[in-house]
Structure formats: structure tokens, C-alpha cells
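Bear in mind these aren't lab numbers, they're just calculated from the coordinates by the rules spelled out. Since the model is a prediction, treat every value here as computed from it, not as a measurement. Cβ placement follows ideal geometry from the backbone for every residue including glycine, while neighbour counts extend to all protein chains displayed.
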Amino acid sequence: MSVGQELKLLPCELSGATSIVTDRPIRDLGENRLIARFRALASASLGPGVIVGPGDDAAVLSADGDRLLLLACDMMVEGVHFRRHWATPRQIGWKAMAQNVSDIAAMGGSPFAAVASIAAPGDFPEAAAIDIADGLVAAASRYGASIVGGDLVGSTGPLVVDVAITGWVPRDHLLLRRGAAPGDAVLVTGSLGAAGAGLAVLEHGLKEPDSSLLADVLRAHHEPQPRLNEAWAIAVTGLASAMMDLSDGLADDLPRLCAESGVGARIHADAIPIAPACSWVARRLNLSDLAFALSGGEDYELLLTCPQQAVPQLQRAVLDATGAALTPIGEITAGEGITLVDAEGRQRPLGHGFEHFGDT
């Protein structure tokens with residue numbers, strides 16, 4: 001999650017209750033409510049050069065010429081986002097950078113420069129530290145960014161990798177979470193659920209060395225591929241009304257887009273493109289592939305909206321530019337409710353994705 005996403009303000013937090021501070025643990029407050037309070041504090045002191053402050057995948061700052069400056073940050077903490085006995089150090093570095101690139105992509109932008117910080121215990125192996133740096137550099141180079149600095153500190157706690165990134169976006173290509181309107185189509189790039197299925201494979205100890213499907217979900221979990229080219233293809237059309245990346249899962253991220261746009265949504269379960277490897281893992285573990293697609297998180301696909309009549313043109317633009325699919329999965333509705341409709345037409349709440357402090 002980026003600076004913009006981490007400082008999301010919920011409408012219910014606009015009341016005077018945001019000024020009430022207690023000594024209760026933040027796990028009782030919950031991630032979204034705590035973010036709301038952070039956002040209220042930060043938003044009260046925004047300078048004149050801030051075009052978009054807290055509340056999106058990245059902040060948007062004024063710049064000279066026809067470009068805008070993007071700024072985002074995201075950290076990874078051992079035991080929360082990764083475990084060292086599951087991921088190689090290079091994979092940890094790659095993922096830390098890739099998730100930040102995804103935030104820049106979600107705004108329609110191009111990554112430019114990043115700084116990376118590592119907090120590690122004193123007995124952390126030198127080779128592992130260099131491999132993390134190698135992963136950071138490899139991902140930055142792959143997507144056109146330069147690592148221009150950072151920090152290295154000793155830690156008595158878990159390993160932490162933190163990245164802050166800047167990017168550029170043409171003024172007329174900027175895409176925000178706000179802008180979706182009732183009647184718009186809701187679409188996603190690629191397919192969902194593979195990264196969540198990869199985590200389940202690790203948690204359950206599922207092993208099948210010769211399975212390409214098993215390798216697919218593990219790769220999706222450890223080495224996400226931000227949809228940078230797809231985002232550019234979408235942005236240049238000028239047809240999308242709102243966009244963000246899927247980091248915490250459709251069930252958590254769609255409500256964020258809807259809250260920023262002041263709308264609701266209706267999603268059709270049988271329209272959601274689920275990765276074949278995800279479905280294979282779900283069958284092997286007797287779990288739901290739809291649950292992985294909705295709540296697994298870390299897919300880093302793009303979630304966007306556009307007028308219904310623009311869907312075919314957007315699909316062609318993305319397919320022609322990247323070969324990737326862009327799939328309609330529902331529509332934006334008036335009001336605030338978000339529902340999931342199954343194949344029989346039954347409706348239920350969308351559910352929830354990953355939330356920090358939710359299980360602590």
C-alpha cells in the first residue's frame with residue numbers, strides 16, 4: 001500500500017469523532033479508521049503544490065510543464081508480508097520495489113526514482129543483504145526507475161524493507177480513485193487469485209515439484225509483475241473514469257475506490273477472471289478459488305471503471321498494446337452498497353480483504 005492508500009479517509013470519520021484520541025490498542029480501532037485519522041491530520045496542512053494528497057495510490061504534486069510528479073511509499077515487514085524461510089532475499093527485494101511501481105502504474109504514470117531503506121538485525125547475513133539489494137535494483141531497472149539512495153539501520157526486531165518512489169504522469173493521463181459514476185463498468189486486468197493461492201501453498205506445505213501450476217502461484221506471490229504497460233495503454237485512451245491497483249484484494253480495494261468516488265457497486269461472481277493455477281490450488285486444498293480472487297490480495301492487477309460504451313475500445317487498446325485481457329466484472333451503482341451476485345442471481349456482501357491489525 002502507498003502513502004495515498006495508507007491515508008484513506010472514510011466518510012464516517014469526517015465527524016467530530018476523529019478528534020477523540022484514546023489509549024486503546026490500535027488493533028481495536030482497525031486499519032481503516034486509524035488511516036482515516038492520519039489522513040485528517042495530514043490533509044489539514046497540505047501545501048499549495050499538492051494537487052492530490054492522501055487518499056489515492058500515490059500523492060500528486062505540481063511540476064513544471066505538462067507533467068505531474070507522483071510520490072508513493074510502501075514497506076514490507078518480516079512475519080507480516082514475507083517469511084525468510086519461504087522467500088529468497090532477492091524475491092523480498094523484488095517484491096518491495098514491484099509493489100511501489102504498481103502504485104505509480106495505478107495513476108497512469110511512469111516510475112522515475114526510488115529510495116530504499118532496510119532495517120535488519122546485526123546477525124543478518126551479508127550475502128542476504130546484498131541479495132535484497134539486488135532484487136530491489138532488478139525490479140527498479142525492469143520498470144525504468146533508478147534507486148538514488150536510502151538508509152540502512154540495525155534492528156532488534158524483524159527485517160523491514162521500505163521503499164519510497166517518485167514518478168511522472170502527463171496531466172491529461174492522470175487517473176485517480178475518484179471519478180467512477182453510476183452506470184460505469186467495473187473492469188480488471190489479467191486474472192485474480194494466484195498470489196493468494198501461492199501464500200496458501202506455503203502455509204499448507206503443498207508440494208508437487210513438477211507442477212507448472214504450483215510454480216505459477218508461487219511466482220505470483222513472490223515476484224509480482226506490475227501492470228505498467230497496461231496502465232499506460234488505459235491512460236492514453238482517456239476513457240477510464242477511475243483506477244487503482246489491487247494490493248489487498250478486490251473485496252478491500254473496490255470499497256476504497258467506491259468510497260473515493262461516492263458510489264456503490266455490483267459485482268458478478270461468475271464474471272471474475274480467476275487464474276487457472278489458483279483454481280487448481282483451491283481444488284487441491286479444498287478451498288474456494290473465488291475467495292482467493294476476492295480476498296487473497298497482492299495480485300497487483302488494475303481495477304478500473306469506464307462508461308459502458310467505452311469497454312470494447314479499452315479492451316482493444318490493452319490487448320493490442322500488451323496482449324493482456326481486460327474483463328468487465330460488474331457495474332457502478334448509486335449509493336454506498338457493494339454486493340456480489342452469484343450465478344443464480346443471489347446477492348451477498350462482497351466480504352473483506354487483508355487488513356493490518358485484523359488478526360493481532
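Placing one identical point scatterer on every Cα of the chain and ignoring solvent, what is log10 I(q)/I(0) from the Debye formula at q = 0.10, 0.11, 0.15 Å⁻¹?
The Cα Debye sum returns log10 ratios of -0.60, -0.74, -1.44.
Just the number, please: percent antiparallel of the DSSP beta bridges in the chain, rounded to the nearest 5.
75 percent
How far apart, in nm, are two points set 7 Å out from the Cα along the Cα-to-Cβ line at A215 and at E126?
Between A215 and E126, the simple spin-label model gives 3.4 nm.
Using the crude model of +1 on Lys and Arg Cβ and -1 on Asp and Glu Cβ, and no other charge, please compute the dipole size for region 60-218 relative to its Cα centre, in debye to 20.
In total the dipole reaches around 260 debye.
Taking amide H positions as placed in the peptide plane 1.01 Å from N, state which residues far from T333 in sequence (5 or more) or on other chains have amide H under 5 Å from it.
Those lying under 5 Å, H to H, from T333 are G183, G264, A265, R266.
If each residue's Cβ is checked for other Cβ atoms within 10 Å, how do F112, F292, F82 rank with the fewest at the top? Write out the running numbers ahead of the final one.
On the way: F112 16, F292 29, F82 22.
Neighbour counts put them in this order, fewest first: F112, F82, F292.
Which of E336, E344 has the fewest other C-beta atoms within 10 Å, and how do the rest follow up to the most?
E344, E336
What shape does region 67-203 take by its C-alpha gyration tensor, where a ≥ b ≥ c are the square roots of the eigenvalues and a/c under 1.5 counts as rounded, a/b above b/c as prolate, and the rest as oblate?
Because a/c hits 1.5 or more and a/b fails to exceed b/c, region 67-203 counts as oblate.
Hey, fewest Cβ within 10 Å first, where do C73, C306 land in order?
Listing C73, C306 from fewest to most nearby Cβ atoms yields C73, C306.
Determine the sum of side-chain charges near R171: Lys and Arg each +1, Asp and Glu each -1, restricted to other residues whose C-beta is under 13 angstrom from that of R171.
Result for the neighbourhood of R171: -2.
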